[in-house]
Each structure stands twice: as C-alpha cells, then as structure tokens.
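Chemist: A single structure is presented below for examination.
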C-alpha cells in the first residue's frame, strides 16, 4: 500500500498543547485506479471542498460542511458537460466563499479554462462558465484565489500552442465580484511564461507572480476596484524557479522562489540552491529592491525542487520546502541521499524571515514537496516521506516540548514506493486541520492497483 507520512507545524501566537489527535482510521472519500488526484480547500468556518480526478464516475466533488461533520456523498463536478476536465484547482475563504477552475481538454487538449464560484452563506455553486476566449491558442495551468466576500482572481497561461508541448504561455487574469461572473480575461504579459501563482487578501487586494527570461515578474490586482496594476520585475536575470505568492491586507504581499546560482567555469563550476523572496508591507506602494533570503544557502550538495507558501488573514506568510542532500558516502540516507522538510515565516511588514524550522530532520527517507495552509495565526505543513519500506503519519507542533506523534503506518513495496503521494492540507479558523492524501494498494505487482483518497481531521 502506498502510504503517506504527515507532519504538522503550528506557528501560534499562544502555544498550543504538545499532544495531537487525528481521526483514526481516516475516512475514505473516493477510490479509483491509476493516477488519482485531489485538489481541496478549507474555508475559515471549517467547510472543506475536494475535487477528485481519476476516481470512479469521472471527476467528482466531495464536500463537508464543517470539521465536525461527515463528508457528503460525492457528486459529479458541475460543468463536466463542457468537456473533459483536467487539472482542477480549488480555493476557499470566509464562511462558504469558494472558487474552482479547471482546464477543458475537448475537442483537443488545452482548449479552454472553465470556472465556477459560490458566494459566502449561499452553499450553492454557481453555474460553470468558460472564461478563456475561443481564440486563446491553447491554455494551461489555471490558479485561483478567493476572499471571504466571494471576490476571486483566476489566472492562467494563454497562447500555449506556440510553445513546444504547451509548457509555457502568456499571463491572463480574470476578476470576479461578489454575486457576479468571472470577467473577460486581460493578458498582462504575452511573453511565454511559467505557470502563474496567485493570492488574495481578505480586503480583495492580491498579487500574481510568474517567471520568464530568467526573471521573476509580478502584478497587483484589486477585485474591489476591478483593476489590474502594472507588471514589474522583482529580480535580475538568474535561474529562478517555482514561484509562489501570498497576500496580506492593504496591498501586502510576499513572492518567493528557488534560485540556482552557478559559480566558476568548466569542471570547476558549482551550482548552489538558494531561496529568495520579495516582501511588500501593507500600505507600501512598491516592492523594495532588496531581496530577502529564506534560510541559509543550501550548499552545492543541496537541492530544492519546489516550494509552497500560504498566509493567514494578517498576511503572515509561511514558506515550506523539502531539501534533498547528496553526500559522497553512499551508506548515508538512501544511497547517499537524505531529505529534510523545513519552513520559515515572515510577518506582514517585517524586514526578514524568521529562523528556519526543521520540521523533519535529515534521515534515510524520501520526502516529497509539502503542502501548507494558514489561518488565524496558525500555519500547518503536511508532507509525505518514506524509506522505501514504510511510511508513517505523524503530527508535530512548535509548542515547547512537543514531539512527533505517530498516527498511522503503512507498508510499501517497490512499485508503490516509486509513486508520488497527492497531498493537500486545509485549516479552519479554530486551528483544526484537514488532510487529504491518496494511498495506493499494490498487493501484487502483476495486478491493477487501487488508489484510495483518505481524509483525516485533527488539531
């Protein structure tokens, strides 16, 4: 069985108890065969919405009204009649505000972007609409953000068919007012770019970020005024990857990314991995020119493929990542490879990130990129690790004296251990977290596998 190992990091104004409790056993909310995916979000009031792809019956939506309530039976995703659904994304905020977006792969791949939304308190999903125009020339990588009032921002790559494999495209942005539909998209940057990141603060102001031409770019959005700002470059030319974004009140924003820096030439050339960020305080007119470092440089034997980020309502941002170390001694870790999971936090308007928190220290484990959520002064990070034999579900808080609390343990075989674990964490305003992960049964490598979407809730 493919297993998931989860660990929880809580960053609190008031320390919470060191003990932690999660549902045992977790609840299965969906089942499928190969490549089952899950996208989910939890709002401030505790309602969780999950979109399951690859399960029986096609793409399904599963909702739970509160952390204490049961999961409702799954339903067909509204809008499936528009065409084949691919890559769904979900955002939730407040008490029932929700936004979903996905790619339509009919009549051919990368044909259109569709979206739907729900206003707070209604509990009713609006009618799905196709946002991208018919002449978009290929679209990919939708990302969506919503605030507690139901205002939303949808971003995606457009014109992707001009690029090999439609890997990159221009940046298109669509805004939504409460009770309304997503507006006509505006192309803010036609240059072929990476997948965009988007974030929206509770006051309806947000940030969109992406990369192209070895630079990180960003633009501010205001869903209250219905305006999109001027695109600005946040960096000079370098190898910038995996851009993430968070937003805070009064225009506050944090954009973070991975930078690979090379030193030397020829056989003496060495590449170093660094995490950097641009932070704009609430009320500031622009991002400062000075970039911030996140944690110490990883060194030439460290590798960070991607990062994740989330911010609470006050704009306190948490960035989390898995760092992989390659050491000459093959007896260390797994054939000389050892992973750790780390995180760092910056408050709205602060001049630097806090000390790096090592959530899972280095060891003989294979860890994937974590998931992160933040609400009301609390940040929660979840991740999956395995030693190619078993994985363990664990929790951990930053309260004094807190230790990792095992929750579940699964055995692995070689086929299951080689597959990534889709993993999502959500958090409500009380500090209750909801974790969804996909595990895989492979009792016999010659037989078809069965994937299970499991959900567990705890503090």
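The values are calculated or read from the model by the stated rules, or taken from the named source; none is laboratory data. Not measured: the values here are computed from a predicted model. We place every Cβ from the backbone using ideal geometry, glycine too, and count neighbours over all the protein chains shown.
Chemist: Considering only the range 222-252, state which residues are outside any loop (DSSP other than H, G, I, E, B), farther than 21 Å from residue 141 by Cα and touching a residue at least 60 places away in the same chain (Cβ under 8 Å).
Modeler: Listed by number, the list holds a single entry, 249.
Chemist: Would a scan of the range 191-209 turn up a residue that is assigned to a loop (DSSP other than H, G, I, E, B) and farther than 29 Å from residue 120 by Cα?
Modeler: Step one: list which residues in the range 191-209 are assigned to a loop (DSSP other than H, G, I, E, B), which gives 194-196, 201-204.
Filter once more, keeping what is farther than 29 Å from residue 120 by Cα: 194.
Within the range 191-209 (the criterion being assigned to a loop (DSSP other than H, G, I, E, B) and farther than 29 Å from residue 120 by Cα), the answer is yes, since at least one residue qualifies.
Chemist: Moving on to the next point. Are there any pairs with C-beta distances below 7 angstrom linking a residue in the range 313-338 that is more than 30 Å from residue 146 (Cβ to Cβ) to a residue that is part of a loop (DSSP other than H, G, I, E, B) and at pLDDT 85 or above, with the two at least 6 apart or on different chains, and if so which?
Modeler: Correct list of pairs: 323/304.
Chemist: On to the next question. Step by step: first the residues of the range 282-298, then only those that are in a loop (DSSP other than H, G, I, E, B) and within 13 Å of residue 353 (Cα to Cα), then the one that is nearest to the chain's Cα centre (by Cα). Which residue is that? Steps first, answer last, please.
Modeler: Applying the first criterion (in a loop (DSSP other than H, G, I, E, B)) to the range 282-298 yields 282-291, 294-298.
With the extra rule that they be within 13 Å of residue 353 (Cα to Cα), the set shrinks to 291, 294-296.
Details: 291: 23, 294: 18, 295: 20, 296: 23 Å.
Result: 294.
Chemist: May I ask you to list the residues in the range 75-95 that are buried (at least 20 other Cβ atoms within 10 Å of the Cβ), assigned to a loop (DSSP other than H, G, I, E, B) and touching a strand residue (DSSP E or B) at 6+ places or on another chain (Cβ under 6 Å)?
Modeler: Matches in the range 75-95: 77, 79.
Chemist: Still on this model: Taking the range 178-190, which residues are closer than 12 Å to residue 154 by Cα and in a loop (DSSP other than H, G, I, E, B)?
Modeler: Result: 181, 183, 184, 185.
Chemist: Also, I was wondering about something else. Taking the residues in the range 162-213 that are in contact with a helix residue (DSSP H, G or I) (Cβ under 6 Å, 6 or more places away or on another chain) and surrounded by fewer than 24 Cβ atoms within 10 Å (Cβ to Cβ) as candidates, determine which candidate is nearest to residue 246 (Cα to Cα).
Modeler: Ranking the candidates gives 203 first.
Chemist: Pick from the range 350-367 the residues that are surrounded by fewer than 17 Cβ atoms within 10 Å (Cβ to Cβ) and either more than 19 Å from residue 303 (Cα to Cα) or under 20 Å from the mean Cα position of the chain (by Cα) (or both): which of them is modelled with the highest pLDDT? So that I can check it myself, show each step before the final result.
Modeler: Step one: list which residues in the range 350-367 are surrounded by fewer than 17 Cβ atoms within 10 Å (Cβ to Cβ), which gives 350-352, 354-355, 358, 361, 363-364.
This time we only want the ones that are either more than 19 Å from residue 303 (Cα to Cα) or under 20 Å from the mean Cα position of the chain (by Cα) (or both), so: 350-352, 354-355, 358.
On the way: 350: 91, 351: 91, 352: 94, 354: 90, 355: 89, 358: 88.
Per the criteria, the residue is 352.
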